[in-house]
Structures are given as C-alpha cells and as structure tokens.
Amino acid sequence: MKAKFFNSKSLKASLFTAFLAFMTSFAAVNGYAQDAVNAAPISGQVKSVGVFKNGIAVVRERFDVPGVGVYSADAPLQPIHGAFFVQSDALVSTTASNIETEVDLSEVDSIDWTKDFQNCALSVVLPGEDKARVVRVIPTGQGDDGASDLSYSYANPYSSAPRIIGNYTNASKGVMLGCEDGSVVWLANPSALQSVVILEGAPSKLARVKPKLVFEVQSIPEEGKSASIWVSYLTRGISWAPQYRVDVLNDTALKIEQTAILINEWRDFSDASVCLYSGYPQIPLQNVISPMSPNVSLQEFFARLDGSAGGRDRVYMSQMTMNSIGGSMGFDGYDMLATASESSIGEGVDIFAQDVGKKSMRKGDRTLFTVGQAEVPYQKTVSWNIADARDSNGRPYDVNARSISDEARNSHYGQTTSGEASLEYSNRFREPWDVLNFNNPFAFPITTGPAVAYEGGRFLGQNSLYWTNPKEKTILPVTKALSVRVRSVEKERVFEDQQGLQVHEPGKAFLAPELKRDYWGKTVVIAGSAYRVAVFDAEISMTNQRSEETRALVSRQFSGVLVKESLQNFDSEPEVVRLSEAAGAQGVGKNPQHELRAEVTLKPGETRTLKFSYQTFILM
C-alpha cells in the first residue's frame with residue numbers, strides 16, 4: 001500500500017474545505033433548530049377515532065396550514081410502530097422533536113417548586129396542621145450532589161433555624177418555605193401538602209419541553225391558498241365495552257338493545273366521528289412505540305421490537321379479554337370464549353366497524369349511548385348439553401380430576417371447532433338452562449358482551465351474548481331450569497364371547513356406518529394396536545315438574561358410531577353431527593366424535609327417557 005503525502009498547501013486547503021463543510025453543516029443544523037423553535041404553532045383536530053375493545057384506537061387527525069413555512073404541533077402520544085403516516089396535498093417533510101414551549105399552568109403535569117413557584121405567595125396546609133398559612137418559596141442553592149444547601153447562613157434570612165418536615169434524604173426534591181410569622185420550614189416532599197392555593201406571583205405559563213411534530217411545508221398545490229396535513233396512527237388509551245338489555249315482551253317477541261360504554265383515557269377531542277370496531281385485529285406490534293415518538297430511545301425501540309417477535313399467540317389476547325366481559329356467569333366456570341360460533345364466523349375479513357356518529361370527550365370521560373334496538377321473535381326453551389363420557393381412545397374421563405387434558409376439557413365443556421355446529425348446541429350446559437332463542441335483528445353483528453334479561457320489569461338474569469352475524473341464530477341463557485329434573489347414564493353391553501379370538505382387519509371397515517356386529521365384544525388389532533369393540537347403551541331422562549308444557553333441546557356427545565336402530569322415545573329422528581374425524585395410524589386408532597341433537601316436548605309432570613346405543617373402540 002502506497003503512502004499518501006500532502007504538501008502544506010494541499011493540507012491547508014483540505015483542512016479549510018473540511019472546516020467549511022463542518023460550518024455549513026453546523027449552520028444547517030443550527031438553522032433547523034432555530035426554525036423548529038420559531039415554527040408557527042398550529043393545532044390539529046381529531047376527525048375520526050376507530051375504537052377497539054382492547055384499548056387500541058385508529059386515529060385520523062387534520063392540521064391546516066396557511067401556506068409555505070415551518071409549523072409545529074403537539075406530537076401524538078405514543079403511536080404504535082408501523083402505523084404512523086403523514087399525508088397531504090402539499091409537499092411536506094415531518095420531523096419529531098422535543099422543543100421548549102410555554103404551557104398554561106393549569107395544563108402542567110408536574111411542578112418544579114424552586115423554579116416555577118419561586119417567590120410566589122401560597123396558602124398551604126402543612127402536614128400535621130389543620131389551618132392554612134401563607135408562605136413564600138425561598139430560593140436555595142444546589143450542592144455538588146444536587147441537594148439543596150440548607151446552611152443557616154444561605155437559606156435562612158430569618159432569626160431561627162428552619163423547621164424540617166419529612167425525610168432529609170429527599171433534600172434534592174424539597175422546598176424551603178418562608179412563613180408570615182418569620183419562621184422557615186424545610187419541606188422534604190411538597191406532595192405531602194394537604195392543600196395548595198396560589199395567591200400571587202405565579203406565572204400563567206411555564207416553560208416545558210414537549211414532543212412536537214415539525215412540518216416543513218415546501219410547496220402547496222395552489223399558491224396563496226391553505227393546505228391540509230393528515231396524520232393517521234394507532235395508539236392506546238381509548239376503549240369501548242358493549243352491553244345488552246333484553247326485555248321479554250310476551251310469549252313470542254322480545255326487545256333487544258345494545259348500548260356501548262366509551263372509555264377515554266387518551267386525550268380531549270371534539271366533534272370527531274367515532275366507530276366501534278369488533279373482531280380480532282392482527283396487531284403484532286401493538287406494544288412497540290413508533291420511533292417517530294421523540295421520547296423513545298433506540299435502545300427501548302429495539303428492545304420492544306425484539307420482545308414482540310414470536311408473540312403471535314399474544315396478538316389478540318387483550319381483545320379477547322374485553323370480549324369476555326361478563327364471563328359466563330353461572331356456567332360452572334366455562335368462559336365459552338372459543339366456541340364454534342365465535343371462531344367460525346365465515347369467509348372474509350371479520351372486523352366490523354359500527355359508525356356511531358360524532359362525539360366530544362375530555363380525557364377521563366366515560367360515555368354511555370345506544371348503538372341499536374329492535375324487536376324480534378323468540379322461543380323459550382330448556383337447553384341441556386351432555387358432554388362426552390369418553391376420550392377418543394374409548395377410555396372414560398375422570399371429570400373430578402384436578403388435571404384434565406385439553407381434549408377432555410374440550411369434550412366436557414364443549415369447545416368445538418366444527419363450523420357445522422349451530423350456536424344453540426355449541427354452548428355447553430352441564431345442567432339444563434332456560435334460554436331465549438332468537439335471530440340477530442341488527443344490521444351489524446352482535447359482538448361479545450354481557451346481557452341482562454327482564455320480563456315485565458322483573459329481573460330474570462345476566463349472562464353473555466357472543467359474536468352473532470346479522471340474521472344468525474343466538475341464545476341467551478337466563479337461569480338454571482331447576483324444575484326440570486335430568487339424568488344421563490350409560491352402560492357397556494356384555495357379550496357372552498367377550499374373550500373372542502383376536503382378528504386383524506383394516507380399520508376403515510370398523511368405522512363404516514354399517515358396523516360388523518360379528519366383532520362386538522371381541523378384541524381386534526388395528527395397525528399393531530389392540531382394541532376392544534365395545535357397545536354402550538345410553539339413557540337420557542328428563543322430568544318436567546312445571547305446570548306448563550316445556551320444549552327442550554338436548555344434545556349428547558359420544559365418541560364412536562351410532563347404532564341407528566337403537567333410537568327410542570324420540571319425538572322425531574334426532575340429528576347426528578360429526579364433530580371430529582377418526583385419527584391415528586392409517587386414519588384409524590381414535591374414535592370419531594359425534595353429537596346427537598334432539599328436540600323434545602314434555603307435558604306437565606311427564607318423564608321421558610331417551611335411549612340410544614353406540615359402538616366404540618377401547619384401546620387395550
């Protein structure tokens with residue numbers, strides 16, 4: 001590598017060029033800083049707010065500028081990364097910066113007593129005292145450690161040493177107060193004052209560093225005319241919660257009203273269009289603040305960005321939390337959040353935005369308003385859903401076990417993923433419940449929320465409604481049907497040649513609708529595993545102790561295949577829906593799960609015992 005030599009002239013020229021470049025750069029930076037400080041202040045108007053139930057909002061804000069120039073406006077509070085956009089019909093560059101500005105005293109979040117209230121006359125109630133006294137804040141020096149200088153000669157112009165209130169170790173945050181009677185009080189923690197009233201001397205505005213957006217408008221479409229800058233972003237701090245009131249009008253009709261509670265912990269806004277979002281939004285970066293926020297360091301940004309990776313399972317957990325408001329209230333602890341009706345909404349983008357008009361709110365406000373109301377026909381029924389007694393291997397569940405597998409829990413509590421399952425059967429009632437069956441009468445979905453039922457002004461009960469599309473059937477459980485006695489049992493059928501010879505057959509033959517009865521009670525080997533071919537006789541008993549006729553909807557899950565000719569005492573042939581397919585080696589080895597569904601009308605005092613049988617493989 002050749003060495004490079006400079007003569008004195010070229011070295012001087014190079015140094016001068018570098019110096020000139022530095023000064024030009026410095027002047028540009030310093031010029032920008034000066035422009036930012038001197039930028040004309042403008043205020044934005046929130047034009048629309050789309051609110052999710054998980055506390056995230058979609059905001060669109062407009063800033064009007066009179067022409068070419070530099071303008072500054074308050075920056076959005078912690079916008080979410082990847083969703084911050086600036087759009088305009090003008091040529092605009094946008095910079096986020098912390099700029100010192102004057103703030104009204106009433107809007108200041110914190111007070112630096114020694115600077116903001118220096119020499120102000122205040123009326124205060126000191127800790128441990130009952131009466132107010134007039135005091136003035138005395139300027140104090142600062143030591144090398146940042147603590148106030150409490151020496152008698154500097155801090156106390158009066159004749160006595162200061163009275164110290166509070167922990168002396170908080171000296172760096174304390175304040176010296178001179179009282180009218182000549183005494184001096186050192187207050188280690190000003191927040192301990194019981195009351196503070198400003199009498200005189202306090203400035204109306206205070207200097208504070210605030211995050212700002214600086215818009216440099218370089219050109220506009222029409223000279224001499226104003227232009228608009230639109231800023232859109234996602235942020236946190238505003239949410240909504242749905243609730244429903246259902247009034248039973250008579251034996252055939254009810255009235256349903258959806259109201260919403262809008263909770264604003266974000267900021268003030270006026271005359272903004274509000275829409276309520278429902279669904280499960282995919283926002284994987286919801287916990288990452290945009291780097292366009294001046295108060296977010298690179299270290300914090302990358303740490304949050306790294307923390308969001310691999311968090312897909314948590315993407316909509318907060319939304320689900322809001323969806324479960326009201327819980328299941330009386331459903332033996334099952335929250336029914338992941339039912340077929342909730343997860344199998346259909347094709348397309350299932351995020352719905354309901355426009356509720358323009359709203360004005362201050363930070364901290366809660367607003368209650370009606371979203372919609374309608375009358376709709378309904379049917380009052382008793383619903384009883386009976387969980388599967390066995391797992392896919394034919395083995396009985398221990399329903400009292402403290403630890404239970406996901407498969408068992410889903411079976412017992414009815415969390416199915418079948419799109420076929422209608423809503424009235426997808427909710428599991430381990431005991432019979434009185435429910436109201438009706439179709440969603442609104443032009444928008446019923447979204448998950450608590451519902452209260454009344455009849456003639458009398459409270460019936462509270463439970464939850466879940467996502468239901470327009471015109472789709474839904475149910476509202478009201479109360480347990482205590483006057484309908486129920487019992488569900490099953491017994492394995494015994495065969496004389498229970499210990500028959502082992503046979504080897506392809507598994508599909510045993511899962512066909514027409515079963516090979518020659519193998520009932522025998523042991524078969526499928527794909528190397530031994531199974532006993534068992535038949536269970538099941539009974540469902542119901543007694544109507546009411547003085548009126550009762551319509552009951554009954555469902556019974558079972559793992560195996562129905563023996564069709566075994567059906568007894570049903571009003572009509574029940575529907576049998578397959579909830580899961582057989583699985584395992586070569587497509588066999590686990591029993592398919594079915595659900596038998598029946599509608600039965602019980603006369604006053606009648607007892608009905610429904611009977612059916614099913615075949616299943618029990619893993620040996």
- Message: crowded, with 19+ Cβ neighbours inside 10 Å and more than 39 Å from the chain's Cα centre (by Cα): which single residue out of ILE229, ILE238, ILE220, ILE198 fits that description?
- Response: ILE220
- Message: Among the listed residues PRO211, PRO221, identify the single one that is closer than 22 Å to GLN87 by Cβ and outside any strand (DSSP E or B).
- Response: PRO221
- Query: Would you call SER123 surrounded by 12 or more Cβ atoms within 10 Å (Cβ to Cβ), of a type in the set (Ser, Thr, Tyr) and modelled with pLDDT of 80 or more?
  - Reply: yes
- Item | Unique residue being among the hydroxyl-bearing types (Ser, Thr, Tyr), over 21 Å from VAL484 (Cβ atoms) and either modelled with pLDDT under 95 or open to solvent by 50 Å² or more (accessible area, probe 1.4 Å) (or both) when the list is SER580, SER572 | SER580
- Item | Of residues in the range 511-560 being of a type in the set (Val, Ile, Thr) and at pLDDT 90 or above, the one nearest to LEU619 (Cα to Cα) | VAL535
- Query: From the set of residues in the range 363-374 that are under 12 Å from ILE238 (Cβ atoms) and open to solvent by 100 Å² or more (accessible area, probe 1.4 Å), which is modelled with the lowest pLDDT?
  - Reply: LYS363
- Task: Kindly indicate the residue of the range 339-362 that is closer than 18 Å to PRO242 by Cβ and in a loop (DSSP other than H, G, I, E, B) and also modelled with the lowest pLDDT among those meeting that condition.
- Result: THR339
- Message: Restricting to the range 437-473, name every residue that is crowded, with 22+ Cβ neighbours inside 10 Å and assigned to a strand (DSSP E or B).
- Response: ILE446, GLY449, ALA451, ALA453, ASN463, SER464, LEU465, THR468
- Query: Considering the range 185-195 alone, what residues qualify as being outside any loop (DSSP other than H, G, I, E, B) and either surrounded by 13 or more Cβ atoms within 10 Å (Cβ to Cβ) or touching a strand residue (DSSP E or B) at 6+ places or on another chain (Cβ under 9 Å) (or both)?
  - Reply: VAL185, TRP186, LEU187, PRO190, ALA192, SER195
- For the range 600-616, the count of residues that are within 12 Å of MET542 (Cα to Cα) and surrounded by 20 or more Cβ atoms within 10 Å (Cβ to Cβ) equals 3
- Item | Matching residues, the range 84-93, being buried (at least 18 other Cβ atoms within 10 Å of the Cβ) and either aliphatic (A, V, I, L, M) or in contact with a Phe, Trp or Tyr (Cβ under 6 Å, 6 or more places away or on another chain) (or both) | PHE84, ALA90, VAL92
- Task: Output the residues belonging to the range 262-271 that are part of a strand (DSSP E or B) and open to solvent by less than 30 Å² (accessible area, probe 1.4 Å).
- Result: LEU262, ASN264, PHE269
- For SER529, indicate whether it is among the hydroxyl-bearing types (Ser, Thr, Tyr), open to solvent by 50 Å² or more (accessible area, probe 1.4 Å) and touching a residue at least 12 places away in the same chain (Cβ under 8 Å). no
- Query: For the range 472-487, which residues satisfy the criterion of being under 38 Å from the mean Cα position of the chain (by Cα) and of a type in the set (Ser, Thr, Tyr)?
  - Reply: THR474, THR479
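Do we have any residue at all in the range 296-308 that's modelled with pLDDT under 95, part of a loop (DSSP other than H, G, I, E, B) and farther than 23 Å from PRO470 by Cα?
There is at least one residue in the range 296-308 that is modelled with pLDDT under 95, part of a loop (DSSP other than H, G, I, E, B) and farther than 23 Å from PRO470 by Cα.
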- Message: Of all residues being of a type in the set (A, V, I, L, M, F, W, C) and either without any contact (Cβ under 8 Å) to a residue 60 or more places away in the chain or open to solvent by 20 Å² or more (accessible area, probe 1.4 Å) (or both) in the range 204-217, which is farthest from ALA73 (Cα to Cα)? Just the residue, please.
- Response: ALA207
- Over the range 244-261, the set of residues over 21 Å from PHE369 (Cα atoms) and either surrounded by 13 or more Cβ atoms within 10 Å (Cβ to Cβ) or touching a strand residue (DSSP E or B) at 6+ places or on another chain (Cβ under 7 Å) (or both) is VAL248, LEU249, THR252, ALA253
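The values are calculated or read from the model by the stated rules, or taken from the named source; none is laboratory data. The shown structure was predicted, so the numbers you read here are calculated from the model rather than taken from an experiment. Cβ atoms come from the backbone with ideal geometry, glycine included; neighbour counts cover every protein chain shown. These accessible areas exclude ligands, DNA and RNA; they are computed on the full protein's heavy atoms, side chains included. Shrake-Rupley method; radii C 1.70, N 1.55, O 1.52, S 1.80 Å.
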